[in-house]
Amino acid sequence: MIHVRINGKLLEAKKGETVLQLAQRNGYHIPNLCYHPSLKADGACRMCLVEVKGANAKPNSLTTACTLTVKEGMEVLLDTPEVSKHRNTILEMLMALVPDSPVLTKMAEEYGLKEIRLAQGDEVCIKCGLCVRICDEVVGAKALAMEGRGTETTFNPPFNEPPERCVACTSCAFICPVQCIPVKKTNDSITIWGREFDRLKCTRCGRALDLTEEHMALMMTRSSHLKPEDLNVCDVCSRKEVLGTMKSLVDGQITLERVGK
Amino acid sequence: MERISSPNALLDVIKKHQDARDPDKVRISVCQGTGCIASGANSVMASFESTLLEKNSSVELLGTGCHGFCERGPLVVIQPEGTLYQRVKPENVNEILDKTIGNGEVITKLLYRDEAKNTYEKEQDVPFYKHQERIVFAMNGHIDPSRIEDYLAMGGYGALAKVLLNIEPEQVIHMVTKSGLRGRGGGGFPAGVKWKSCRDAEGSPKYIICNADEGDPGAFMDRSIMEGNPHSVIEGMIIGAYAIGATKGYVYIRNEYPLALLRLENALEQARELGLLGDNILGTDCSFDITINRGGGAFVCGESTALMMSIEGKVGRPRVKWQHTAKKGLWGNPTNINNVETWANIPPIMDRGVDWFTSIGTGDVSNNPWGGSKGTKIFSLVGKVNNTGLVEVPMGISIRSIVFDMGGGIKNSQKGRTFKAVQTGGPSGGCIPEQYLDNPIDFDELTRLGSMMGSGGMIVMDDRTCMVEVARYFVDFLKEESCGKCTPCREGLRAMSEILGRIVKGQGRHEDLVVLEDLASTMSVASFCNLGLTAANPVLSTLKYFRQEYLDHIDKGECAGRQCQDLIKYTISEENCTGCTLCARKCPTKAISGEKKSLHVIDQELCVRCGVCDDVCNFNAVTILSGPER
């Protein structure tokens, strides 16, 4: 066990975990915009700044909790005046970039940021890169990419064309912290990144699924034990099936061995 | 040439070439560095070749690497006397051959003449060279970089033979640590410490990288080393590979350096042929080869982790340093990365020893490699100075010595131009004002002054330089070159650029300075990589030393440097104008009118404030007004 203090309280940390993970596990809140537990930490938004002492840290050292691995004897302070000053400047920069985001506005209220002194832009994306990373690391479609450099950085499908490799899983839209990726759903289709996909229908009841042919194919290539029938049945029908099986079991109509098959 | 079978055999080969080189032989060396080529050295070289052929002369003609004195190119040096001819044209070739080579006569008009009209005959007496201490550049100007024989004849690869014969890898690292050699790419991290952690790290294969992605505006020392003496870099890397236990090396070189690339490729080929690279180098257990990786010109790819991402074929963005590069670098393996100049320092250290190296420079590194700055540093001296070029100086020399002794002082001082500041360390460096001219410069002192060593760029600024405009220029450069990953660097630079853009137009507000300082302070502690962490330096150092200039722009609409086009007005003074009509003839927009021998007048509507009239006027009659007087 590794011993780390957060805001003075001694906590037991697991080897290899980050300060952000440790803090979250113990109920501390550290604001962040580019972190997700299922992705590798990227350290891009810099909102999760903390002050570190001990364990060979330089004096008054500020760093991001998401990229800081715990070390024996480390002391972490979450809300020092330094932390809050720089965090607010970063938030101010983001709010100048994306002026009308409810998420950022709420954060500003929470952390007492009152005034945006910087020239306001008219963008919607805060350039955290979560969309590209989830598409790459979790979904495996690799349909999105970072383009350009510096202030010109954008996260888009390559060449800004409807992405060939997209499967309309909509993970990018789900993970986006400022909800700036539009998704249009009708009973028959999902439209995202300028491309329209047909929705699959439940093979039992015909209800529209949150699934496309492309998404199903991708999932099956990524996991060899998956079969189409595991995916193309709606929640209601699967639940019905499970319930039915359980009822038959209880009634003694089938045995456990048969369920296994 | 034949493959060499052992370190001893290499020593014999070196001896043979050294003996064959006659130091008293008449040699004409023509600089073939990029700077001299740009001013016409290729045609001078061609003219020498054809004329020598015509005359059936046995005089040796040598196309060398950069001599450093780029301002005065094309440069020609006649050995063994060391007579330096500058700004040589093809039509001077016959005269040089007839008079100097034929009769030992010096052609005065081709000699270097300083501002005080003194002429200098020998290269080593020219003030630009006289105050330098050349270790890395020692052979530039004496060897043909395309011939390994020339390098061998100067004792090249002798250090490698010595190391392979007598020095254990650990001992090599110990020597590098004791020498106090610190990273010349700007970080100033002790090379030996880095080598040791890479040697001690678990994992195989180990890699070493030469960072040749020189990207600072105005810095070109790495290019000149690779162009002028590529084998010194290769020898340093082989010694490093032996010490660290690396089997594979990369040179990450920018594609905009075609000549350096060519010479390096050629040198690698020659080294392989001799058995200095490849499997079982010189018959020993050490195997090592070098691959060239061309960079696409992104400034951020000079940052070590972004550079490695780029070699791996990924987008060049810095990555999280979970573990040090020495432990997990390229493809997750132990990697050591050093800059061109650092690698080129290794052979002389191995050859001449630690005591010799530590006798040059500042501080005491005997117990602590951070304790000082040892050896020399090459600076590229550019800007408003008479002699621009590359100077290699011992650490601890003063800026005054570089700018005034070697640089020959401020350009156009006869027109009243004076020194204002020197900008060091590339775009993320800072501006150092006059009061620190006599401070000794080394890694720590420059940091203390709010600037940094960086890769050694040194831009001299005169009183006609607006410091707000300087900050704006560098911030805009960095804004373009920021990778865009982290918020403080990307958005901080965007905001700074907007604010500075307003101030130079006279639309600044007092609050802007507070905002600039807030942005700078956050960028300096919260950015992801060193590019962002140092990106605010141009703003911070100009605000620290030249705050009044910011205030004058804001309060009075006055630009002290008379540079901000929206805040200035060119006029011609009645007192000094002789009516020579020169300005009227040179004005690109025909904004100046006036009869011969009578006062000329500038039409402010047509004037684009380019400054040509001021440049050409011989009577100091053009005045630039700014602020209330405008």
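Per residue, the convex hull around the alpha carbon atoms of the protein assembly as shown comes to 223 Å³. Based on the Cβ-Cβ distance of B:Asp12 and B:Ser359, what FRET efficiency does E = 1/(1 + (r/R0)^6) give at R0 = 35 Å, to the nearest 0.05? E(calc), rounded to 0.05, equals 0.70. Normalised by the number of residues in chain B, the average gap of Cα pairs under 8 Å and 6 or more apart makes the relative contact order 12 percent. Distance between the 7 Å Cα→Cβ label points at B:Thr119 and B:Ser366: 5.1 nm. Packing, as the average of other Cβ atoms within 10 Å across residues, places the peptides B:230-237, B:570-577, B:257-264 in the order B:230-237, B:257-264, B:570-577, highest first. Taken along the Cα-to-beta-carbon direction at a fixed 7 Å, the label points for B:Arg352 and B:Ile101 span 3.2 nm.
Annotation: for a label point projected 7 angstrom from Cα along Cα→Cβ of A:Leu243, residues of segment A:196-225 with backbone N closer than 17 Å are A:204-207. The Cα-based radius of gyration of segment B:285-372, divided by its Kirkwood radius, gives an Rg/Rh of 1.05. Rounded to whole numbers, the Karplus 3J(HN,Hα) couplings from phi for segment A:84-91 are 6, 5, 6, 4, 5, 5, 5, 4 Hz, using 6.51 cos²θ - 1.76 cosθ + 1.60 with θ = phi - 60°, and x at Gly and Pro. Diffusion coefficient (Stokes-Einstein, Kirkwood radius over C-alpha pairs, 10 °C, 1.306 mPa s) for segment B:217-312: 113 µm²/s, rounded to a whole number. Partner shielding of B:478-484 amounts to 5, given as the average count of beta-carbon atoms from other chains within 10 Å of each residue beta-carbon.
Under a Gaussian network description of chain A, with springs only between Cα atoms under 10 Å, the residue in A:Asp210, A:Asp79, A:Asp251 that fluctuates furthest is A:Asp251. Helix B:258-273: angle to the longest alpha-carbon principal axis of chain B, degrees 0 to 90, nearest 10? Once rounded, one gets 10 degrees. The average projected area of chain B, computed from the convex hull of its Cα atoms over all directions, is 29.8 nm². Evaluate chain A: find the radius of gyration of its Cα atoms, find its Kirkwood radius, and give the ratio Rg to Rh. In chain A, Rg relative to Rh is 1.07. In summary, the lysines within cross-link reach of B:Lys596, defined as a Cα separation below 25 angstrom excluding same-chain residues under 8 places away, comprise B:Lys415, B:Lys569, B:Lys586.
For the residue pairs A:Lys127/B:Lys248; B:Lys122/B:Lys178; A:Lys71/B:Lys374; B:Lys109/B:Lys420; A:Lys106/B:Lys485; A:Lys14/B:Lys479, the alpha carbons lie more than 29 Å apart in A:Lys127/B:Lys248; B:Lys122/B:Lys178; A:Lys71/B:Lys374; B:Lys109/B:Lys420; A:Lys14/B:Lys479. Over the protein assembly as shown, DSSP H runs of length four or greater, each weighted -39,500 (n - 2.57), average out per residue to a 222 nm ellipticity of -10000 deg cm²/dmol. Here B:Val59 and B:Ser204 are evaluated by their C-beta separation; at R0 = 45 Å the FRET efficiency comes out at 0.30. Counted by Cβ distance under 11 Å from B:Glu629, the other residues give a net charge of +2, where Lys and Arg count +1 and Asp and Glu count -1. For B:Arg3 and B:Ser146, what is the calculated FRET efficiency with R₀ set at 25 Å and r taken between the beta-carbons, to the nearest 0.05? Efficiency, rounded to the nearest 0.05: 0.80. With the convex hull drawn over the C-alpha atoms of segment B:374-556, the volume per residue is 110 Å³. The label point for B:Thr108 and the one for A:Lys9, both projected 7 Å from the Cα toward the Cβ, are 8.8 nm apart.
Read-outs: derived from the displayed coordinates by stated rules, not from any lab. What you see is a predicted model; the values in this text were computed from it and never measured. Cβ: placed from backbone, ideal geometry, glycine included. Neighbour counts: every protein chain shown.
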